[in-house]
Amino acid sequence: MKESAQLRARIADRTARVGVVGLGYVGLPLAAEFARAGFVTTGIDLDRQKVDAINAGTSYIPDVPTEEVARLVAEGRLTATTDFAVVSSLDTVNICVPTPLRKTKDPDMSYIVSAVERIAAGLHPGMLVILESTTYPGTTEELVQPMLEATGLKAGVDFFLAFSPERVDPGNPTFNTHNVPKVVGGVGPASTVLAAALYGSAIDTIVPVSSPQAAEMVKLLENTFRMVNIGLVNEIAQMCDRLGIDVWEVVKAAATKPFGFMAFYPGPGLGGHCIPIDPFYLSWKAKQSGFDSRFIELAGQVNGAMPHFVVDKIADALNRHRKPINGSTVLVLGIAYKRDIDDMRESPSLDVMTLLHQKGARVQYADPYVPALTARQWHGGFRLDTEPLTPEAIGAADCVAILTDHRIVDYDMVRDSARLIVDTRNAIAGEHPHVLKLGAPAPKLVDREGAPVAAEKAVA
Ligand SMILES: NC(=O)c1ccc[n+]([C@@H]2O[C@H](COP(=O)([O-])OP(=O)(O)OC[C@H]3O[C@@H](n4cnc5c(N)ncnc54)[C@H](O)[C@@H]3O)[C@@H](O)[C@H]2O)c1
């Protein structure tokens with residue numbers, strides 16, 4: 001086919017004009033990767049602030065250094081725009097827009113639909129369109145393909161269409177867009193070959209699969225695997241808590257088995273844009289065929305209950321100091337959904353804070369990556385600014401709840417300054433009378449000299 005051979009040649013000599021729609025945590029690293037590989041790359045986003053930032057040579061995604069964006073922009077290899085008119089001049093377009101869930105846990109396809117509508121207006125023969133947004137199996141062929149084919153062009157023949165799941169792990173110092181193998185599944189063999197060629201020019205390893213649906217399912221298997229295993233270890237943590245066994249010690253020892261076991265760690269619940277959400281695309285799709293995905297539902301229930309479990313743990317901790325939650329100051333340490341990043345989407349810390357607020361606690365937080373929490377970002381309904389990570393601020397709280405274990409926090413300082421700590425991440429090493437860990441026996445109550453005593457005689 002003439003079109004496919006021409007695009008292959010343009011990819012090979014880097015003259016293909018590459019576009020990325022949606023310049024967030026996924027899209028900006030990908031656009032930077034294509035630009036670095038030598039393509040003139042255009043990012044398209046509806047958010048004018050992001051577009052202006054890129055054109056000014058600055059990054060807003062921690063995994064993409066500002067110096068890199070500045071260099072690529074200065075060399076004329078990376079530009080950004082809010083105007084989809086540019087699509088008609090592009091050879092390839094990767095779609096990296098959000099795919100949230102509605103409150104009813106149905107997939108919200110509106111961002112994909114809106115982006116594809118705009119791309120369809122500029123679709124032309126020989127163009128390659130790749131969907132990267134995580135979604136239910138069937139989206140590429142059942143939703144995107146008919147919208148693009150409404151132009152009269154045929155997928156796999158006149159233009160090329162593929163799905164390739166994004167596997168980026170924000171904040172991961174070892175694995176990034178460049179060195180994480182990329183799965184691709186196209187509509188017809190030519191689409192797969194072209195998508196593999198495009199990614200192959202910028203990414204180390206390409207894994208072709210037989211169809212877009214298989215590629216969509218790969219991503220959902222990966223994320224369901226994480227969600228279910230985190231659910232399992234969270235249940236084991238609750239069990240250990242009840243049985244007086246230290247789950248952290250158990251997981252650490254189990255992880256020494258060289259085969260057949262993979263360590264997952266408990267925590268305050270699931271967070272982020274992917275793990276708590278993606279498996280529900282799968283259960284939604286399976287339900288349409290009358291299939292009930294029980295593991296997903298169960299893991300969702302166990303993980304969803306973790307913030308409540310953490311609040312109970314904070315109540316137990318305060319009780320040891322003869323204090324109620326109502327009126328106590330609880331400082332939540334870490335509100336990003338995982339360590340070393342600034343992303344708070346679906347963060348369980350926000351659920352814990354809301355529950356504490358509803359019970360009358362004076363809620364504070366400290367997070368070196370999140371300077372402020374707006375009233376709309378949590379259900380407390382008012383703005384909070386981060387407390388400084390100083391011994392004074394830590395020592396002023398009745399209880400410090402470690403919910404995200406950012407590596408730059410000085411946990412020795414936290415341990416030495418706090419009056420009482422609930423540690424849901426095993427961030428504080430060793431046993432201490434004032435540190436209660438999630439999924440571990442509570443330390444013995446002691447008097448001022450450190451001798452074990454009954455509850456009513458313990459130091460407050
Ligand atoms: N963040 C992750 O770690 C991660 C990992 C793997 C997969 N994913 C998936 O990748 C997709 C994107 O996630 P993200 O984290 O990059 O989201 P994000 O919210 O950081 O970025 C999405 C961007 O798309 C833009 N956008 C929205 N609608 C648009 C439209 N119609 N046209 C142009 N731009 C539009 C938004 O302004 C935003 O800048 C999602 O489907 C997500 O599930 C995310």
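The values are calculated or read from the model by the stated rules, or taken from the named source; none is laboratory data. None of the values given here were measured: they were computed from a predicted structure. When we count neighbours, we look across all protein chains shown, and the Cβ atoms used for this are built from the backbone with ideal geometry, even at glycine. Only protein heavy atoms, including side chains, enter the accessible area calculation; ligands, DNA and RNA are left aside. Shrake-Rupley method; radii C 1.70, N 1.55, O 1.52, S 1.80 Å.
Just the protein heavy atoms count here, and of the accessible area of the chain at 1.4 Å, carbon and sulfur take up 55 percent. Sort out for me the Cα centre separation of segment 71-100 from segment 305-329, rounded to whole Å. With segment 71-100 and segment 305-329 each reduced to a Cα centre, they are spaced 49 Å. Take 207-213, 25-31, 289-295 and order them by the average number of nearby Cβ atoms within 10 Å per residue, most first; the result is 25-31, 207-213, 289-295. When both segment 44-69 and segment 112-152 are represented by their alpha-carbon centers, they are found 25 Å apart. Listed cross-link partners LYS313/LYS437; LYS219/LYS285; LYS219/LYS252 are compared with a 18 Å cut-off, the Cα-Cα value being larger for LYS219/LYS252. Sorted into 10 angstrom bins from 0, the C-alpha pair distances of segment 122-233 split as 15, 42, 30, 10, 2, 0 percent. Calculated mean residue ellipticity at 222 nm for the chain: -11500 deg cm²/dmol, from DSSP H runs with n ≥ 4 weighted as -39500 (n - 2.57), summed, divided by the residue count and rounded to 500. Mind grabbing the base-10 log of I(q)/I(0) for segment 214-280 at q = 0.13, 0.19 Å⁻¹? Debye formula, identical points on the C-alpha positions, no solvent, two decimal places. Scattering profile of segment 214-280, log10 relative to I(0): -0.43, -0.80. Straight-distance candidates among the aspartates and glutamates for linking to LYS154, with alpha-carbon spacing under 18 Å and chain neighbours fewer than 8 residues away dropped: GLU3, ASP91, GLU117, GLU141, GLU142. The value given for the chain is a Kirkwood hydrodynamic radius of 24.0 Å, derived from the mean inverse Cα-Cα separation.
When you work out D = kT/(6 pi eta Rh) for segment 335-460 at 10 °C and 1.306 mPa s, using the Kirkwood radius from C-alpha pairs as Rh and the Stokes-Einstein form, the result is 102 µm²/s.
Distance from the C-alpha centroid of segment 235-273 to that of segment 348-411: 25 Å, rounded to the whole angstrom. Taking a straight Cα-Cα cut-off under 17 Å and skipping sequence neighbours fewer than 8 places away in the same chain, the aspartates and glutamates within cross-link reach of LYS50 are ASP63, GLU67, GLU68, ASP83, ASP342, ASP343.
Mean projected area of the convex hull spanned by the Cα atoms of segment 349-399, taken over all viewing directions: 3.5 nm². Cα convex hull, segment 199-328: 187 Å³ per residue, rounded to a whole number. What share of Cα pairs, in percent, lie more than 21 angstrom apart in segment 12-119? Tail of P(r) above 21 Å: 33 percent of Cα pairs.
Restricting segment 371-460 to GluC sites (Glu not before Pro) that sit in a DSSP loop and have at most 16 other Cβ atoms within 10 Å of their own Cβ leaves GLU431, GLU449. For the chain, the longest principal axis of the C-alpha atoms and the axis of helix 189-200 are separated by about 60°. Listed peptides 244-256, 51-63 appear in the order 51-63, 244-256 once ranked by packing, highest mean of other Cβ atoms within 10 Å at the front. Taken over segment 1-60, the ratio of Cα radius of gyration to 2.2 N^0.38 Å equals 1.26. Here is the list for segment 360-460: chymotrypsin sites (Phe, Trp or Tyr not before Pro) lying in DSSP coil, each with at most 14 other C-beta atoms within 10 angstrom of its C-beta, are PHE382.
Taking amide H positions as modeled 1.01 Å from N, with prolines and chain starts lacking one, the residues under 5 Å from VAL21 and 5 or more places away or on another chain are ILE44, ASN94, ILE95, CYS96.
Dividing the mean sequence gap of close Cα pairs (under 8 Å, 6+ apart) by how many residues segment 30-121 holds gives a relative contact order of 25 percent.
For LYS287, a cut-off of 15 angstrom between C-alpha atoms picks up these aspartates and glutamates, skipping any fewer than 8 places away in its own chain: ASP106, ASP278, GLU297.
Kirkwood hydrodynamic radius computed over segment 59-158 comes to 15.4 Å, based on all pairs of distinct alpha carbons.
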